[in-house]
1. Please enumerate the residues belonging to segment 430-442 that are under 22 Å from the mean Cα position of the chain (by Cα) and β-branched (Val, Ile, Thr).
2. Just checking, which of Thr125, Thr155 is free of Cβ contacts under 8 Å to residues at least 24 places away in the same chain and not basic (Lys, Arg)?
3. Consider only pairs whose beta carbons are under 7 Å apart and that are at least six residues apart or on different chains; among these, list those whose first residue lies in segment 408-428 and is without any contact (Cβ under 8 Å) to a residue 40 or more places away in the chain and whose second residue is among the aliphatic types (A, V, I, L, M) and assigned to a helix (DSSP H, G or I).
4. Among the candidates Gly403, Gly419, Gly379, which residue alone is surrounded by 19 or more Cβ atoms within 10 Å (Cβ to Cβ), over 20 Å from the mean Cα position of the chain (by Cα) and not aromatic (Phe, Trp, Tyr)?
5. Of all residues being of a type in the set (Gly, Ala, Ser) and modelled with pLDDT of 85 or more in segment 285-305, which is nearest to Ile342 (Cα to Cα)? Just the residue, please.
6. With (1) of a type in the set (D, E, K, R); (2) over 28 Å from Met107 (Cα atoms); (3) surrounded by 23 or more Cβ atoms within 10 Å (Cβ to Cβ) as the list, and Lys318 as the residue in question, which single condition is left unmet?
7. Return yes or no: is Ser138 part of a helix (DSSP H, G or I), buried (at least 18 other Cβ atoms within 10 Å of the Cβ) and among the hydroxyl-bearing types (Ser, Thr, Tyr)?
8. Restricting attention to segment 213-232, which residues are over 18 Å from Arg172 (Cα atoms) and buried (at least 20 other Cβ atoms within 10 Å of the Cβ)?
Amino acid sequence: MTTETNKRTLAKTGSTMDRAALPLVTLAIPIVFESFFRILVSSIDTIMLSSYSQHAVAGVGLVSQYIFFLQILFNMICIGTSIVLAQYLGGKRIDECKQVAQASAVMVTGVGLFLTTAVILGTPTLLSFYEIEPQVRSFAATYFVIFGGFGALFTAFNMLQGTILRSYGYTREAMYVSFAANIINVVGNSISLYGFFGLPVFGVTGVAISSLISQIAACGILAAIIAKKKDVQFPLKGWSKVPQTIYRKILSIGVPTAGENLAYNVAQIVIMAMISTLGTWAMSAQVYTQTIVRFVFVAAMSIGNAVQIKTGYFVGAKEPEKAYRRLYRYVGFGILVSLAMITVINLFKIQIIGLFTDEPEIIRITAQVLLVAVYVEFGRAINLITIPGLKGAGDVKFPVFIGMLCMWGIGVLWAWILGIRLGMGLPGIWIAVGSDETIRGFIMLARWKSKRWMTKAIS
């Protein structure tokens, strides 16, 4: 597209093509609320399931790692899409923005259909590798097949459509859709577990179906919003004419990032397998602790998402120094917020844990782990902000390599040594995780300070 045509398109759409240049707080706050509410609803899910069965909590918690694995594969495309879009928007490369969205849609469709088939057919074999109680296995299989399998394609398109909206600066709209979808999920869970309106209790099957319905609803709402945003380039026609170079650019960013995320998820699966040898109480304590600490890192994660958008935009606009100067303030703020929140949680941890369970042993283990979580969240705040900044600039391979090295050479290895070999149990495993996050965080800050990422812009 010619420069003159670009100018006419910009004139037609107004200044909305520059929404990615909005202040970081304007971009981040809706992401904070979106993430916070999603975590809140997930926590409510766990509370609801705990009143139904501890075996259900353990089963759903077990397969949640694999659902996250599926999301990693979709995120491979979404992250590549987000970073390429941000830089192209900064450079006013409007026609290429359209092609990026089209290529991404083709890829998530293919991956989604493949994973649907794989989950439905492969779940029994997957769960056979775990030494778990039969009831836990049954709950895990039911939830994974319904939500992870049949919901895969809808989850994929929700992630992609949300990514595109946020890349164009429409973070508020993505927040509204997440809110609506999660309300649907809570209502469905309530009906499934409490038998409202004279209906029978559907248990884990009903919870999985309500999660699936919420994803279907969100998919339709997001599509309607995108259709009304004239500046959002996401046409369905012409996808077959997208040049292969666009696919390669998306994947050149997405595949290494997915590799890092995949390594992290596999590491978490290995760690969960270690925890499973500690018994059902330890597995339940792990699920409850993860549920609680998600509220802590939501602020840092949301800042990181906004930093990725802005860094990509500034790099695309040939203004990387603006991104460089601001990141340190964002990291400092993220650390302060994370430490403040985990401190408050520890002050009231018995009351908070009591929302999930009254089992004394689970309460004891969870309380111990929450103390260690202070260490974990310090390093995690650094990573959640600095790594998206590096990736937004196109510097992907370095954080991926260091991430894999640290999470396996420190996280997994030390988890086995401290948690299993030395008998420290779940707290020892979390000490290992905290060491991984902290060491990796300081390495990422050193990379940012070096400014080597300034040479990694997408052409």
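1. Those that are under 22 Å from the mean Cα position of the chain (by Cα) and β-branched (Val, Ile, Thr): Val433, Thr438, Ile439.
2. Within the list Thr125, Thr155, the selection yields Thr125.
3. Ile410/Ala432; Ile410/Ile439; Trp414/Ala432; Leu418/Ile429; Leu418/Ile431; Leu418/Ala432; Met424/Leu418; Gly428/Leu418
4. The conditions single out Gly419.
5. Ala300
6. (3)
7. The answer is no for Ser138.
8. Listed by number, the residues that qualify are Ser214, Gln215.
The values are calculated or read from the model by the stated rules, or taken from the named source; none is laboratory data. For clarity, every value in this text was computed on a predicted model and none was experimentally measured. Note that we place each Cβ from the backbone using ideal geometry, even for glycine, and neighbour counts take in every protein chain shown.
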